[in-house]
Amino acid sequence: MRRDVFQAIADPIRRDIIQLLSTKALTVNEVANEFEISRPAISKHLKILQECEIIKYNQVGRERLCLIQPQKLIPAFLWIKQYNKLWEDRIDSFENYINELQTKKDKK
């Protein structure tokens, strides 16, 4: 099965793993220790992240380090970014509406 970045970020646990690995490479056990779910469940999440090419493993002695591949998150970033202007405009419009209401209230 071919997975993509959107499958990787669809789950909150995987988003947390991505966040965790964005600061430093960790072993599978170190990643698992940060969560209150079983190590096999973490391993499944890591497997999906690896299939999506968001992480890769680097063997260092007997340890397997999980390394983030941030460039693989770019498609999701670009997709989300396209909506930035839309939301900014809506928030600005709402702010203007609130200001108008406040002005009318102050005039009373």
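Computed over the chain, the percent of Cα pairs more than 23 Å apart is 45. Under 5 Å from the amide H of ILE55 lie the amide H atoms of GLN50, GLN69, each residue being 5 or more positions distant or on a separate chain, with H modelled from the backbone and absent for Pro and chain starts. Evaluating 6.51 cos²θ - 1.76 cosθ + 1.60 at θ = phi - 60° for every residue in region 34-44, the Karplus couplings come out as 7, 10, 9, 10, 5, 4, x, 5, 5, 4, 5 Hz, glycine and proline recorded as x.
Counted by Cβ distance under 14 Å from PHE35, the other residues give a net charge of -1, where Lys and Arg count +1 and Asp and Glu count -1.
Note on SER22 and LEU78: with the Förster distance fixed at 22 Å, the Cβ-Cβ geometry gives a FRET efficiency of about 0.75. When the alpha carbon gyration tensor of region 34-76 is reduced to an equivalent ellipsoid, the three semi-axes, largest first, read 19, 15, 8 Å.
Give the carbon-plus-sulfur fraction of the accessible surface of the chain in %, rounded to a whole number; probe 1.4 Å, heavy atoms of protein chains only. Solvent-exposed carbon and sulfur of the chain make up 53 percent of the total. Amide H to amide H, with H built 1.01 Å from N, THR27 comes under 5 Å of CYS66, counting only residues 5 or more places away or on other chains. When THR23, THR103 are compared by accessible area of protein heavy atoms, the largest-first order is THR23, THR103, using a 1.4 Å probe.
Computed from point charges on the beta carbon alone (+1 for Lys and Arg, -1 for Asp and Glu), the dipole magnitude for the chain about its Cα centre is near 160 Debye.
Pairs from the list LYS44/LYS72; LYS24/LYS81; LYS56/LYS81; LYS44/LYS85; LYS24/LYS47 with a Cα-Cα gap above 29 Å: LYS44/LYS85. Of SER43, SER22, the order by accessible heavy-atom surface (1.4 Å probe, DNA, RNA and ligands excluded), from most exposed downward, is SER22, SER43.
Note on the chain: helix-only mean residue ellipticity at 222 nm, from DSSP H runs of 4+ residues weighted -39500 (n - 2.57) and normalised by residue number, equals -18500 deg cm²/dmol.
The values are calculated or read from the model by the stated rules, or taken from the named source; none is laboratory data. Note that the coordinates shown come from a computational prediction; the quantities given were computed from them, not determined experimentally. Note that we place each Cβ from the backbone using ideal geometry, even for glycine, and neighbour counts take in every protein chain shown. Ligands, DNA and RNA are stripped out before the accessible areas are found, and what is left, the full protein with its side chains, is counted by its heavy atoms. Shrake-Rupley method; radii C 1.70, N 1.55, O 1.52, S 1.80 Å.
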